[in-house]
Amino acid sequence: MARIAVGGFHHETNCFVPARTDFEYFAAHRDRPPLVRGPDVIKWLSNTSFALSGFLAQMGSAHDYVPLVWASGGAGGYVTRDAFERITGELVGTLSRGMPVDAAYLDLHGAMVTEDFEDAEGELLRRVRAAVGERVPIVISLDYHANVTPEMVRYTDGLVGYQTYPHVDRKETGQRAAKVLAAVISRGRPGGRALHKTSFLIPLNAQCTMMEPSKTIIEKAARLEGGDVLNVSYLAGFPPSDLYHCGPSVVVHAYTQAQADAAADALAREVALREPEFAQPLLEPDDAVREAMRIAADARRPVVLADTQDNPGAGGSGDTTGLLEALVRNGAQQAALGIFCDAEAAAAAHRAGENAEVSIALGGKSGPEGVMPYAAKFRVARLGDGRMRTTGPSVGGRDIDLGPMALLRVGGVSVVVSSKRMQAHDQAPFRHLGVEPKEQKILALKSTVHFRADFQPIAQEVLVVLAPGGYVADATKYPFKRLRPGVRLYPLGPEFAGPR
Ligand SMILES: [Zn+2]
């Protein structure tokens, strides 16, 4: 029996959107649990689709747990100093009071940038290592979009990442972390560690593991694990995080340095050779809508339009209007768009009541430059309280609270409006407002890749659309200040020359 400290702290920081992510955002119950502490960590996180849940299930009841803090802020702008220090302070403080422990496991994202630290997980792990000392093993799990740094590798004894994007294996990742930790508890801390940073960034829409080349890269990583090699992880990175070590990584922990280097070299070589294969066509909004209408005319399943740059899961505001405008302008029929975040519009719809007509300037309140509210007369087709349980393969089984919701109709387009941001990666918020996704001709989704888990199986075809939004797909447009010079900004793209 071991005494194991467990906790979690997630954020995926898009450094190029203006809004900061504060403590209140982490503390609120939104499309994921609120910040929880002590025994509530086990209560809220058991039997969910998060990595910590899989970890606890795999380790079982034979161990003693010291639950610390678990908080997930999704994706958004810089994490404030206040939020980082309060959450980290509480996590490390609880850990220090809970000493001695035999091991620690943390469920992290790996792309957090704060007002003070470009590598926030590296700083968190430095403090955790200082609290537990040199002999206690630390194992972490990370999101597939982690920007792994040398500090994150140095302070840990095992590092496993999601192997899917859309992420449908969060729980399995926690189970894999538990197996690595169990091995380290019985054998001792491993002596070998390796980190390779890829020489190019990969845009999110080209990172999907349902497609090549990511699919076979992940399979190869899994084949290289075993025996003295504890973990071989490929993490695709989150491009809009401004840090020196932004971008894809290969990470290995093994019992000897030679074993770690050999596995890391083999996988890094594979990623480098596949560089030309990371590419995907992107369409302008009007072209995409017209193409969708053409396909939908004699299709029995909906055509999905991915509003890739307004993905709340990558820091988008969820309220940009470019794709909505194109749908109405081109006369699309039986089209549904979501999840569109506008608390004021939802409140106005609730005041007016179902079946009322309301004039609303919808969305367009958060930029980027050039995005305007969409002013029109809408019919309030349906109202909802925003409380539901998700159902899809990626984020299913979560009790979520999106605040007051409304289905607003304009022309042949129904807009699923929420009061809190959520990426369109689950069908439940559509059904909450009486919209059956598979019965639509066109489904416009504010998501980059995650929608594919729940929506691709019902789709006739998927088209990726470049309407303006907070997650800019083209990394050559990012005003990087800290990225390492020489890295290519997209596969086969130009090298980053340094800050302008
Ligand atoms: Zn991710």
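Beyond 29 Å between alpha-carbons counts as too far, so tell me which of K43/K438; K441/K477; K171/K420; K197/K438 fall in that bin.
Working: K43/K438 35 Å; K441/K477 34 Å; K171/K420 25 Å; K197/K438 41 Å.
Too far apart for the 29 Å limit: K43/K438; K441/K477; K197/K438.
Relative contact order for the chain using alpha-carbon pairs under 8 Å, separation at least 6, rounded to a whole percent? The partial results should precede the final answer.
Working: 1348 pairs, mean separation 82.1, N = 500.
Rounded, it is 16 percent for the chain.
Specify whether the C-alpha gyration tensor of the stretch 37-102 places it in the rounded, prolate or oblate class, a ≥ b ≥ c being the square roots of the eigenvalues: rounded for a/c under 1.5, otherwise prolate if a/b is larger than b/c and oblate if not. Walk me through the intermediate numbers first.
Details: a/c = 2.83, a/b = 1.33, b/c = 2.12.
Because a/c hits 1.5 or more and a/b fails to exceed b/c, the stretch 37-102 counts as oblate.
Distance between Cα centroids, the stretch 346-425 to the stretch 1-15: provide it in whole Å.
32
By the gyration tensor of its Cα atoms, with a ≥ b ≥ c the square roots of the eigenvalues, what is the shape of the stretch 170-323: rounded for a/c under 1.5, prolate for a/b over b/c, or oblate? Each step should come with its number before you reach the end.
Details: a/c = 2.42, a/b = 2.34, b/c = 1.03.
Note, shape of the stretch 170-323 comes out prolate.
Place a point 7 Å from Cα of D64 in the direction of its Cβ. Which residues in the stretch 105-130 have their backbone N less than 18 Å from it?
Residues passing the 18 Å test: 105.
Could you pull out which residues in the stretch 301-320 have an amide N less than 17 Å from a spot 7 Å beyond the Cα of Q456, following the Cα-Cβ vector?
302-308
How big is the Kirkwood radius of the stretch 285-472, worked out from every pair of different alpha carbons and given in Å to one decimal?
Working: mean 1/r = 0.0632 Å⁻¹.
Across the stretch 285-472, the inverse of the average 1/r is 15.8 Å.
Sticking with the crude label model, points 7 Å out along Cα→Cβ, report the distance from A279 to D385 in nm, one decimal please.
5.2
Please list the equivalent ellipsoid semi-axes of the chain, computed as the square roots of five times the alpha-carbon gyration tensor eigenvalues, in descending order and whole angstrom.
Numbers: eigenvalues 295, 126, 79 Å².
Calculated on Cα positions only, the semi-axes equal 38, 25, 20 Å.
Could you order peptides 56-63, 382-389, 307-314, 236-243 by the average number of other Cβ atoms within 10 Å of their residues, highest first? Could you put the intermediate results ahead of the total?
Details: 56-63: 15.0, 382-389: 17.0, 307-314: 29.2, 236-243: 27.1.
Highest-to-lowest ranking by the protection proxy: 307-314, 236-243, 382-389, 56-63.
How many angstrom separate the Cα center of the stretch 184-213 from the Cα center of the stretch 434-497?
21
How long are the semi-axes of the ellipsoid equivalent to the stretch 3-277, from square roots of 5 times the Cα gyration tensor eigenvalues, in whole Å, largest first? Walk me through the intermediate numbers first.
Numbers: eigenvalues 135, 105, 55 Å².
Here the semi-axes work out to 26, 23, 17 Å.
Taking 0.36 nm per residue of sequence separation and subtracting the Cα-Cα distance, how much length would be gained by fully extending the chain between K438 and S186, in nm to one decimal?
On the way: separation 252, 0.36 × 252 = 90.72 nm, distance 5.02 nm.
Answer, rounded to one decimal: 85.7 nm.
Where nothing but the Cβ of Lys and Arg (+1) and of Asp and Glu (-1) is charged, how large is the charge dipole of the chain around its Cα centre, in debye to the nearest 20?
On the way: 54 positive and 57 negative charges, 111 e Å.
Roughly 540 debye, rounded to the nearest 20.
Within 10 Å of each residue's Cβ, count the other Cβ atoms and sort M1, M152, M112 from fewest upward.
Values: M1 8, M152 26, M112 29.
By the 10 Å Cβ count, ascending: M1, M152, M112.
Throughout, read-outs are computed from the coordinates displayed, never taken from laboratory work. All values reported here derive from a predicted model rather than from experimental measurement. Cβ coordinates were reconstructed from backbone atoms using ideal geometry, including for glycine residues, and neighbour counts include every protein chain displayed.
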